Each structure stands twice: as structure tokens, then as C-alpha cells.
Amino acid sequence: MSREELNSSLEKFLKKYQESFRKKIFLEESLEEDDLMLVFGLTQLLKAENKQYWGRELGMCWQLLVTELCKQRCNNYSGSIKEGKDELCDLVVGEDAIDTKYRIGSGDSGTLKKFKSYGKRLKKLNLRPVLLIVRNDSLPQALKACETGGWVIKSGTNAYEYLSILTQFDLQGSIPIFFVVRASCSLL
């Protein structure tokens, strides 16, 4: 292959990716503050310094809040479902297999396959996969993968409404009470 042919071949490769990148739409994370950010006095500016850390920590906080609320308020509560190393959901209440997320920001193929697979596996166990997401600005392709896997998606206010019906407790309405935590906490 001559130098010109090689250059032409490489140029085609780069143009293909250039076109793909142009078509890619990146949604900005909403600048809106959510309830968990308010409880801890987090700003978008502070979160932006380490999004992965804050997303992981706020996600774990959300999971623990939902789990404890359901454990205390639902007679038909049971813990997570695990198959081998896979944790298919965080908890089960009745026929609902519930998984919690702060926000779904990953669109990598492994994550998307996992969402699809876990939902289908839960449905085979005669459970309804329900995904409770704090924020409303999750990645659309990740949400689509969840829906394809059979997940019922509840985000933002809808997640709180679902929890209120399930537990007979208004977690979102109780959030202002938690501001006492923020006032007495000098970590941030």
C-alpha cells in the first residue's frame, strides 16, 4: 500500500468517527439542585469538582434511605436479590424488585447490557423491576436500555410519589426536617 493509499484509508476512518461524534448529543447535567444536595448543602459547583465521587456517595445515601424506609414501613420487605456476583436489585417489596440510582449517567455498553439483563432476570423471577432515580437528568440511552430490560422507571417527584404510596410515608415532604442535619454538620 502506498503512502497516499494509507493516508486515504486513515482519512476515511477518521471521517467516519468525525461524523459519529457530530451526531452524538451530550445532554448537560441539569443545574437544578435535588433534595439530597439540599440536605447536605451541596452546590453544583462543588459537585462539579468530583462528579463521580458525589454521584456515588449520593447514590448510596439514596439507596440506604429507600431501603431503611421500606424495611421499617413495609411488611412484605426483603433484601436485595443476588445471583452469583450480580446484585439484581437493592430490595424487594411484595412483587416489586426495586433498584435505586441517584442518576444514570453511564451509557457504556457494559452498563447498558447489565440494565437489560437484570430486568429480564427479575421478570423471570415473577417480579416487577422498578428503578427509583432521584434526578430527572439521566442519560436517555441508559433509560431506554432499562425500559428494554423491563424496568418501570420512576424519577424525581415520581420516585417520591411511588415511595409514598408504597410506604405510606412522605419522604420528600420530610426532607425539610433533615435540614437540621445540614445545620449541625460542618463537613461542607
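Derivation of every value follows stated rules applied to the coordinates shown; laboratory data play no part. If you're wondering where the values come from, they're calculated on a predicted model, not measured in any experiment. Here Cβ is always computed from backbone atoms with ideal geometry, including for glycine, and neighbour counts include all displayed protein chains.
Once Lys and Arg get +1 and Asp and Glu get -1 on their Cβ, which of 159, 122, 105 lies farthest toward the positive end of the dipole of region 39-162? Of 159, 122, 105, it is 122.
Amide hydrogen proximity for residue 153: with H placed 1.01 Å from N in the peptide plane, the residues at 5 or more positions away or on another chain lying under 5 Å are 131. For a straight C-alpha distance cut-off of 13 angstrom, the aspartates and glutamates reachable from residue 47 (same-chain residues fewer than eight places away being disregarded) are 29, 32, 33, 34, 57. Modelled spin labels at residue 71 and residue 32, positioned 7 Å past Cα toward Cβ, are 3.0 nm from each other. Around the amide H of residue 89, modelled in the peptide plane, lie the amide H atoms of 81, all under 5 Å away and 5 or more residues distant in sequence or on another chain.
By the compact-protein rule of thumb, 2.2 N^0.38 Å, the alpha-carbon radius of gyration of region 70-114 corresponds to a ratio of 1.36. For region 68-82, 3J(HN,Hα) computed residue by residue from phi via the Karplus equation (6.51, -1.76, 1.60; θ = phi - 60°) reads 5, 4, 5, 4, 7, 10, 10, 5, 9, 7, 9, x, 5, 10, 10 Hz, glycine and proline entered as x. A DSSP coil position with no more than 14 other Cβ atoms inside 10 Å describes the following trypsin sites (Lys or Arg not before Pro) in region 80-125: 85.
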